[in-house]
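Worksheet: one structure, shown below.
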Amino acid sequence: MIAQGFKLLIRSFMDFVFISECEICGKYLEDSKMIVCKECLSKIERVDRFDIERKFEEKFAGGFISKAFSCFHFEENTIVQKLIHEMKYNNKRSIGKILGEILGSSIRDEHDFITADALLPVPLHKIRKRERGYNQSELIALGVSKVIGIKVISDLLVRVRNTQTQTKLNLHERRENVKDAFKVKNKYKDFIVGKKFIVVDDVITTGSTIIECANVLKQNGADKIYALSVAIA
């Protein structure tokens, strides 16, 4: 804990000493936790509707996900990849909330999403959350909530196994890795029945994590489950 606090102090000092500039246009950044300005962020290419529908069919057809939406493509060596990396691993939490607000603005006219009962961030295991200090999916969900006004329930879903990172796993390995990794917290057992939920993650790659969350929610009586992410691979 002391070592983690020291790292945060060093980061804060570096932010104070060095002026942050947008990595795209070079403009001064008022928020040193960002790496691009809002103007450049707004110009990043979005996933079009046809592509979203195609990827939805590839990843979720036949399962419990009724609808899915993502803002950006996730590709290597892009500004989107760098934003998500900085958010997850370099304590740049404001990136998560800003990306969440962009995501929320993109769905505020979507009836299925805005009539959901709650936003559910994909949970981190308590060990990983303690190491990182926060859950990036929760930050994104809070940004979405700010725009569409749906509450975030961060502890309804619990990760009961500290699974390995999915990054280098194939589809089969990813599914096995997250199998039985989640459960619904007991205090929400009655609340969940008949409700509609949006499961929020940073990136959807194969969809395995979202699918496993949806399975658990359905087993506990949820009506509909939607998936929402900043980016999709």
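Return yes when Leu169 is aliphatic (A, V, I, L, M) and at pLDDT below 95 and no when it is not. Full working, then the answer.
Details: aliphatic (A, V, I, L, M): yes; at pLDDT below 95: yes.
Judged against the criteria, Leu169 is a match.
Could you tell me whether any residue of segment 110-117 is touching a Pro at 6+ places or on another chain (Cβ under 9 Å) and free of Cβ contacts under 8 Å to residues at least 40 places away in the same chain? So that I can check it myself, show each step before the final result.
Going through segment 110-117, the residues touching a Pro at 6+ places or on another chain (Cβ under 9 Å) turn out to be none.
No, segment 110-117 contains no residue that is touching a Pro at 6+ places or on another chain (Cβ under 9 Å) and free of Cβ contacts under 8 Å to residues at least 40 places away in the same chain.
Here's the yes/no breakdown for (1) in a loop (DSSP other than H, G, I, E, B); (2) crowded, with 20+ Cβ neighbours inside 10 Å; (3) not aromatic (Phe, Trp, Tyr):
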site	(1), (2), (3)
Leu103	no, yes, yes
Ile127	no, no, yes
Leu139	no, yes, yes
Asn162	yes, no, yes
Thr167	yes, no, yes
Glu173	no, no, yes
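Which of the residues spanning segment 170-195 are within 20 Å of the chain's Cα centre (by Cα) and either among the polar types (S, T, N, Q) or over 16 Å from Glu212 (Cα atoms) (or both)?
Asn177
Would you say Glu110 is within 24 Å of Val47 (Cα to Cα), charged (D, E, K, R) and assigned by TED's automatic domain parsing to the domain that holds Thr209? Full working, then the answer.
Working: within 24 Å of Val47 (Cα to Cα): yes; charged (D, E, K, R): yes; assigned by TED's automatic domain parsing to the domain that holds Thr209: yes.
Yes, satisfied.
Going through segment 175-206 one residue at a time, which ones are part of a loop (DSSP other than H, G, I, E, B) and modelled with pLDDT of 95 or more?
Looking only at segment 175-206, we keep the residues that are part of a loop (DSSP other than H, G, I, E, B), and these are 179-181, 185, 189-195, 205-206.
Correct list: Lys185, Lys189, Asp190, Phe191, Ile192, Val193, Gly194, Lys195.
Residue under question is Glu53, and the condition is that it be at pLDDT 85 or above, in a loop (DSSP other than H, G, I, E, B) and loosely packed, with under 15 Cβ neighbours inside 10 Å; does it hold? Give the derivation first.
On the way: at pLDDT 85 or above: yes; in a loop (DSSP other than H, G, I, E, B): no; loosely packed, with under 15 Cβ neighbours inside 10 Å: yes.
Against the criterion (at pLDDT 85 or above, in a loop (DSSP other than H, G, I, E, B) and loosely packed, with under 15 Cβ neighbours inside 10 Å), Glu53 does not qualify.
The values are calculated or read from the model by the stated rules, or taken from the named source; none is laboratory data. Note that the structure is predicted; figures quoted are calculated from it, not measured. For neighbour counting, all protein chains shown are included, and Cβ atoms are generated from backbone atoms with ideal geometry for every residue, glycine included.
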